[in-house]
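Peer 1: The following block contains the structure, expressed as structure tokens.
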Amino acid sequence: MTVIKQDDLIQSIADALQFISYYHPKDYIQALAEAYEHEQSAAAKDAIAQILYNSRLCAEGHRPICQDTGIVVAFLEIGMNVQWDSQLSVDEMINEGVRQAYTNPDNVLRASVLADPAGKRQNTKDNTPAVIHTRMVSGDTVHIKLAAKGGGSENKAKFAALTPSADLVGWIVKSVAEMGAGWCPPGIMGVGIGGTPEKAMLMAKESLLEPVNFHELEQKAAQGLELSRAEQLRLELYEKINALGVGAQGLGGLTTVVDVKVLDYPTHAASLPVAIIPNCAATRHTHFTLDGSGPAVLTPPSLEDWPDITWSASPRARRVNLDNTTHDDIQSWKPGEQLLLSGKLLTGRDAAHKKITETLARGEALPEGVDFNNRFIYYVGPVDAVKGESVGPAGPTTSTRMDKYTETMLAETGLIGMIGKAERGPIALEAIRKHKAVYLIAVGGAAYLLSKAIEKSTVIAYEELGMEAIYEFEIKDMPVTVGVDVNGESVHLSGPKKWARMTQF
């Protein structure tokens, strides 16, 4: 009988979460490198280059790939012959490992988990609790699949209780098209079919932890070997999703997914439940087995596994000094134009926007130092700084969550520009057009690279919100692209349309 010690499981969880915070899986890096070589859209190619370069920087510097270091998801298969040498329950051991990983002083990970989700939404400070799924299986080992899923991709999860005669592929492709770019493509699409609603969602999530091996499936099909229905669906969905033209970061391009995963399960005769969950460009997961011999040993990838791809700003990029940029200056900026920003900007996410708009509604002044007149706001919740950094990884968050506040911010604060990731919705586009403002996009999945442009970071308001506080950043040559111009024209509408047409030929 195998005996698993408490400290071995805790250390394994802590080590694995640190490991996946800065090491992409090798198979994903290789698939993304192939997408880079294949890509014909200049904007998408630039975004993929930033993601790959960021990935290598993180592997070298042992800092998070993305500022959103995720909510921890663990799948455990516990052998029925295993005995535990522990004073804690399995869930308690997992959560202690999470706590130690996210508070590691050498590589602090962002605490994003909030308790009382429908009420006070208070940060738990250590990213606990994890979401844990446990199965009892035959054997005498404990096999663990561990992931850290970012909120941007999780928020795009879809489920439908279809009827048996429904167009399954049509629903999936339509749903992916409606996701936009908030999930940070290129990534992986997980599909769960059958069982019951909760089973379908669970299969979609777990499928994302399988190897990226779409080329193996293509070779199998080319050899005329028999394919299962799930494999046939993978081929069909991969082609049709990429034909949407969404591309890297939603800018329009040839690669939206590098793989599609499908798991299925027997279901009721009256039912066809289906779930889809995307994995973003910050794909983070690892697998290990405990056999009683000690904690898991994780083997780092070799830096030779990364492609020889670096990134530098285009010499055609417009240099912008935010400290003297006016409303008149931004009128000439064009959708898709690359900018290098320097100067000072303020930050703010959901919680800060809520506080700001409530303060304005009461007719009260904003906190000292919070002056948006002729300024830009960056939608970001950075990782804490370590080892002399001015700030930790600080990539953009999904901007559509701020759409409901955009009219108030532009009408009442003097704000002239916003920086985030992915598309803006209709109400934000109308507010931008009405007030002749601009929306700029930074690359999601390039958080550590972007942090290199931040020379100073100071919390100036709402410190109690933690990573959602308002910071003032002093930046130099921060790379962004004009996502929406003063006329409300959006690259997230024009880019995919263009590339969807091109993939039809």
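The values are calculated or read from the model by the stated rules, or taken from the named source; none is laboratory data. All figures in this text were calculated on a predicted structure; none of them were measured in a lab. Quick reminder, even Gly has a Cβ in these numbers, built from the backbone with ideal geometry, and neighbours come from all protein chains shown.
Peer 1: Evaluate the stretch 76-85: report whether one residue or more is touching a strand residue (DSSP E or B) at 6+ places or on another chain (Cβ under 8 Å), farther than 22 Å from Pro393 by Cα and of a type in the set (S, T, N, Q).
Peer 2: Filtering the stretch 76-85 down to residues touching a strand residue (DSSP E or B) at 6+ places or on another chain (Cβ under 8 Å) leaves 76-80, 82-85.
Retained after the next criterion (residues that are farther than 22 Å from Pro393 by Cα): 76-80, 82-85.
From the residues that got through so far, the ones that are of a type in the set (S, T, N, Q) too are 83.
The answer is yes, given that some residue of the stretch 76-85 is touching a strand residue (DSSP E or B) at 6+ places or on another chain (Cβ under 8 Å), farther than 22 Å from Pro393 by Cα and of a type in the set (S, T, N, Q).
Peer 1: Does at least one position in the stretch 113-122 carry a residue that is assigned by TED's automatic domain parsing to the domain that holds Ile20, modelled with pLDDT under 95, over 30 Å from Asn81 (Cα atoms) and not in a loop (DSSP other than H, G, I, E, B)?
Peer 2: Taking the stretch 113-122 and keeping what is assigned by TED's automatic domain parsing to the domain that holds Ile20, we get 113-122.
Adding the requirement that they be modelled with pLDDT under 95 leaves 120-122.
Narrowing further to those that are over 30 Å from Asn81 (Cα atoms): 120-122.
Those still in the list that are not in a loop (DSSP other than H, G, I, E, B) too: 122.
Checking the stretch 113-122: at least one residue is assigned by TED's automatic domain parsing to the domain that holds Ile20, modelled with pLDDT under 95, over 30 Å from Asn81 (Cα atoms) and not in a loop (DSSP other than H, G, I, E, B).
Every residue, every condition in (1) in contact with a helix residue (DSSP H, G or I) (Cβ under 6 Å, 6 or more places away or on another chain); (2) of a type in the set (A, V, I, L, M, F, W, C); (3) under 20 Å from Leu202 (Cα atoms), yes or no:
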position	(1), (2), (3)
Glu96	yes, no, no
Lys156	yes, no, yes
Ala177	no, yes, no
Ala181	yes, yes, no
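Peer 1: Please go through the stretch 164-206 and give me each residue that is in contact (Cβ under 8 Å) with a residue 60 or more places away in the chain and among the polar types (S, T, N, Q), ordered by number. Give the steps one after another, and end with the answer.
Peer 2: Within the stretch 164-206, the first condition is being in contact (Cβ under 8 Å) with a residue 60 or more places away in the chain, and the residues that meet it are 164, 166, 168-169, 171-173, 175-177, 179-197, 199-206.
Within the stretch 164-206, Ser175, Thr196 meet the criteria.
Peer 1: Taking the condition of being under 24 Å from Pro295 (Cβ atoms) and either in a strand (DSSP E or B) or assigned by TED's automatic domain parsing to the domain that holds Ala270 (or both), how many residues in the stretch 136-176 meet it? Break it down stepwise before answering.
Peer 2: Going residue by residue through the stretch 136-176, those that are under 24 Å from Pro295 (Cβ atoms) are 136-149.
In the following step, the residues that additionally are either in a strand (DSSP E or B) or assigned by TED's automatic domain parsing to the domain that holds Ala270 (or both) were identified as 136-137, 142-149.
Here the count works out to 10.
Peer 1: Give Ala200, Ala282, Ala221, Ala275 a once-over and let me know the one that is surrounded by fewer than 22 Cβ atoms within 10 Å (Cβ to Cβ) and among the hydrophobic types (A, V, I, L, M, F, W, C). Break it down stepwise before answering.
Peer 2: On the way: Ala200 fails: surrounded by fewer than 22 Cβ atoms within 10 Å (Cβ to Cβ); Ala282 fails: surrounded by fewer than 22 Cβ atoms within 10 Å (Cβ to Cβ); Ala275 fails: surrounded by fewer than 22 Cβ atoms within 10 Å (Cβ to Cβ).
Result of the check over Ala200, Ala282, Ala221, Ala275: Ala221.
Peer 1: Quick one: Tyr471 ticks every box in (1) in a loop (DSSP other than H, G, I, E, B); (2) within 30 Å of Val113 (Cβ to Cβ); (3) of a type outside the set (A, V, I, L, M) bar one, so which box is it?
Peer 2: So the condition that Tyr471 fails would be (1).
Peer 1: Now a separate question. Going by what's in this entry, would Ala74 be described as touching a residue at least 60 places away in the same chain (Cβ under 8 Å) and more than 22 Å from Ala351 (Cα to Cα)? Walk me through how you get there before you give the answer.
Peer 2: Details: touching a residue at least 60 places away in the same chain (Cβ under 8 Å): yes; more than 22 Å from Ala351 (Cα to Cα): yes.
Taking the combined requirement at face value, the residue satisfies it.
Peer 1: Among the residues of the stretch 8-22, are any in a loop (DSSP other than H, G, I, E, B) and at negative phi?
Peer 2: Restricting attention to the stretch 8-22, the residues satisfying the condition of being in a loop (DSSP other than H, G, I, E, B) are none.
The answer is no, given that none of the residues of the stretch 8-22 is in a loop (DSSP other than H, G, I, E, B) and at negative phi.
Peer 1: Anything in the stretch 58-80 that is touching a Leu at 6+ places or on another chain (Cβ under 6 Å) and surrounded by fewer than 24 Cβ atoms within 10 Å (Cβ to Cβ)? List them, or say none.
Peer 2: Ala74
Peer 1: Mind telling me which of the residues Ala385, Ala365 ends up being over 24 Å from Ile454 (Cα atoms), part of a loop (DSSP other than H, G, I, E, B) and out of contact with any Pro (no Cβ under 8 Å at 6 or more places or on another chain)?
Peer 2: Details: Ala385 fails: over 24 Å from Ile454 (Cα atoms).
Ala365 is the lone residue from the list that is over 24 Å from Ile454 (Cα atoms), part of a loop (DSSP other than H, G, I, E, B) and out of contact with any Pro (no Cβ under 8 Å at 6 or more places or on another chain).
Peer 1: Continuing with this model, one more query. Within the stretch 67-108, track down each residue that is assigned to a loop (DSSP other than H, G, I, E, B) and either aromatic (Phe, Trp, Tyr) or closer than 30 Å to Ile51 by Cα (or both).
Peer 2: Going through the stretch 67-108, the residues assigned to a loop (DSSP other than H, G, I, E, B) turn out to be 67-70, 80-82, 86-89, 103-108.
Those that are assigned to a loop (DSSP other than H, G, I, E, B) and either aromatic (Phe, Trp, Tyr) or closer than 30 Å to Ile51 by Cα (or both): Gln67, Asp68, Thr69, Gly70, Thr103, Asn104, Pro105, Asp106, Asn107, Val108.
Table: residues versus (1) surrounded by fewer than 20 Cβ atoms within 10 Å (Cβ to Cβ); (2) without any contact (Cβ under 8 Å) to a residue 12 or more places away in the chain; (3) over 19 Å from Thr325 (Cβ atoms).
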| position | (1), (2), (3) |
| --- | --- |
| His353 | no, no, yes |
| Thr357 | yes, no, yes |
| Gly363 | yes, yes, yes |
| Asn373 | yes, no, no |
| Thr398 | no, no, yes |
| Met418 | no, no, no |
| Arg424 | no, no, yes |
| Leu440 | no, no, no |
